[in-house]
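Engineer: Here it is: the structure, laid out below.
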Amino acid sequence: LSRVLMGLKLCVSMLVDRSCQKLNLDWMKLSKKLIRTHVDILIQLTLADVSCVDNVLMCFVKKLKPGTISPTCTVEDDDNENAIKRSIIYTAAHRALKQLFEIYPVCVNRIFTTFANAYPYHGHHTVILRDYARNLLHSTQYLPHLERNILSLIIEEMTKNDVMHDMSNRPVSCTEGIFEMELDQSETASNEMSGAHQLLNKLDICLSDLLRSLNENRTDELFESLISVFIRSVLPLRSSSVVQFIWFYMCSLREKYYRQFVQLLWEFAVSASVSSPLRVNAASYLASFIARANFIPIEEIMKYLLSWTQWIQQYICEQDDVNRSHPQLHCSFYCICQAVFYIFSFRCRELMNLTNGYDNLVRLNLHRIVTCELNPLQYCSKHLLAFCYVTLERNDRLKQLRLIADWNLGNFYPFDPQPLRRSFTFIEDIYKEYDQTLAEQWLTTELEDSNSGDTVMDDFLDEAEHLSTASLRNSFTYCSSPGFVRIGSEKKICE
């Protein structure tokens, strides 16, 4: 084979583009020397006939991912068996792509198109998805002009997989809409759950690699690229649960990053030129990010809340004629109210423990927000404020009588905890877990104090004082992610 390849080098001009596919050899079966010879032949072929560039490009790009891998083969077993050989192949493929780019610098866009066309489908083995994404990230070292496009490609492919995982993992009623003869198909359901778990594992591995790359290359240009990808590909979605942690981690690397991210979300949430679904999503990201980001000082969170409640107060003052039949007209108002309630419920203990925490909480003037004519609790999530039970109960009666619109903002909080074993190592030190025990103790103490009239909540949520402590304790159980309380006797969920 070595003599054949050396002979081909001498007559490469006779190998026109239609022979390119015949020269696509399996490098796993070749030595390092033969791989170099094969690369030289393909490069010489492009010099002899420029029409061969696309085929040769695809040949090199395909070497950036493994061949067929048995579905039963684990990632660890495959790495133990093939890691060294694949490392040689990947290095040779990168050198070949770099050499081809130096010969034909104008083909940079064709290189990216080939990257996109060769991206493996989510059903491929985890090793294939992982290695291809890693190699694309490595290619930015010699293709810096493609960094933004390559990042966008990887994140968009991860987002597709994330959405598919959310759909496959969505709970479905056991009996509703299913024929009786289908109720015994437990094996199918088990396979679907196994598929969802495998997809989450693939996302976890790819996300951890991407976060490691971001940590090594934390530039302002990279952050700007990520922001543009977020606006275009992630912000419009409500079905992703993993990929958004890219921005959560990136914002933790520098103070100006999280401030810029918060400002971006705020502008989207309150802009009249932005569609209602996008405003709701932006407010959900804003609330979840502020609540979960352990790297944001609590003093700064208080400043955000004071600023946002000031905007809410101003909005209330400007509403002369409240149109309750079209709540979408006040979409920004309602989604910002829900964001404030969410953050307050999640961080109330820390906010109260601040110097002048009591005075600042009073300045939020939540009582006026809750009881204003726009009545935000009728559209916000019911589980946000246990102290507003009377208002919630009244809104339920009005809804039953069809006196207010049946519309709500939903419960999408994108930074809720996910079972990410590998990538969580990057997140755990900057991520705030909800402490249910502390919140229950705080709520119990505040409600017991309300009987004597000496409570913080009396100043901005007067209706709480009409409820007995015992009845409240029995009416609410804590829910997992927001750290709010759920009406009724629902089963307790733990993070």
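No lab work stands behind these numbers, since they all come straight from the coordinates. Remember, it's a predicted structure, so these values are computed and weren't measured experimentally. We place every Cβ from the backbone using ideal geometry, glycine too, and count neighbours over all the protein chains shown.
Engineer: Show me 231-241, 49-59, 280-290 ranked by packing, highest mean number of other Cβ atoms within 10 Å first.
Structural biologist: 280-290, 49-59, 231-241
Engineer: Taking the Cβ of R148 as the center, what net charge do the other residues with Cβ under 9 Å away carry, scoring Lys and Arg +1 and Asp and Glu -1?
Structural biologist: -3
Engineer: Under the rule a/c < 1.5 gives rounded, and otherwise a/b versus b/c splits prolate from oblate, where does region 233-358 land using the Cα gyration tensor?
Structural biologist: Details: a/c = 2.09, a/b = 1.18, b/c = 1.76.
Taking the square roots of the gyration eigenvalues as a ≥ b ≥ c, region 233-358 is oblate.
Engineer: Next question. Would you mind counting up the charge near R279? Only other residues with Cβ under 13 Å from its Cβ, with Lys and Arg at +1 and Asp and Glu at -1.
Structural biologist: Working: positive: R238; negative: E267.
Net charge around R279: 0.
Engineer: Once you sort the root eigenvalues of the Cα gyration tensor of region 80-165 as a ≥ b ≥ c, which label holds: rounded (a/c under 1.5), prolate (a/b larger than b/c) or oblate (the other case)? Before the final figure, lay out each step's value.
Structural biologist: On the way: a/c = 2.39, a/b = 1.20, b/c = 1.99.
Oblate shape, in that a/c is at least 1.5 and b/c is the bigger or equal ratio.
Engineer: Tell me, what is the FRET efficiency for R254 and D54 to the nearest 0.05, using R0 = 51 angstrom and their Cβ-Cβ distance as r?
Structural biologist: Numbers: r = 41 Å, r/R0 = 0.80.
E(calc), rounded to 0.05, equals 0.80.
Engineer: ³J(HN,Hα) across region 291-299 via Karplus (A = 6.51, B = -1.76, C = 1.60, θ = phi - 60°), whole Hz, x for Gly/Pro?
Structural biologist: With coefficients 6.51, -1.76 and 1.60, one gets 5, 9, 6, 6, 8, 8, x, 5, 4 Hz.
Engineer: Okay, next question. Using modelled backbone amide H atoms (1.01 Å from N, in-plane), which distant-in-sequence or interchain residues come within less than 5 Å of Y431's amide H?
Structural biologist: N294
Engineer: Which of the three applies to region 123-164, rounded, prolate or oblate, going by the alpha-carbon gyration tensor with a ≥ b ≥ c and a/c under 1.5 meaning rounded?
Structural biologist: Oblate is the answer for region 123-164, as a/c is 1.5 or above yet b/c matches or exceeds a/b.
Engineer: May I pose another question? Step through the residues of region 226-237 one at a time and calculate ³J(HN,Hα) from phi using the Karplus curve (6.51 cos²θ - 1.76 cosθ + 1.60, θ = phi - 60°), rounding each to whole Hz and writing x for Gly and Pro.
Structural biologist: Per-residue couplings from phi come out as 5, 5, 5, 5, 4, 5, 7, 10, 10, 4, x, 8 Hz.
Engineer: Continuing with this model, one more query. Once you've got the Cα coordinates, tell me which of K202/K303; K160/K432; K63/K256 are over 32 Å apart.
Structural biologist: As for pairs spanning more than 32 Å Cα to Cα, those are K202/K303; K63/K256.
Engineer: Quick one: if you take sqrt(5λ) for each eigenvalue of the C-alpha gyration tensor of region 196-248, what semi-axes come out, biggest first, whole angstrom?
Structural biologist: Whole-Å semi-axes of the equivalent ellipsoid: 20, 16, 6.
Engineer: Give a residue-ordered list of calculated ³J(HN,Hα) values for region 417-428 (Karplus: 6.51 cos²θ - 1.76 cosθ + 1.60, θ = phi - 60°; whole Hz; x for Gly, Pro).
Structural biologist: Karplus values, whole Hz, x for Gly and Pro: x, 10, x, 9, 5, 7, 6, 5, 5, 7, 9, 4.
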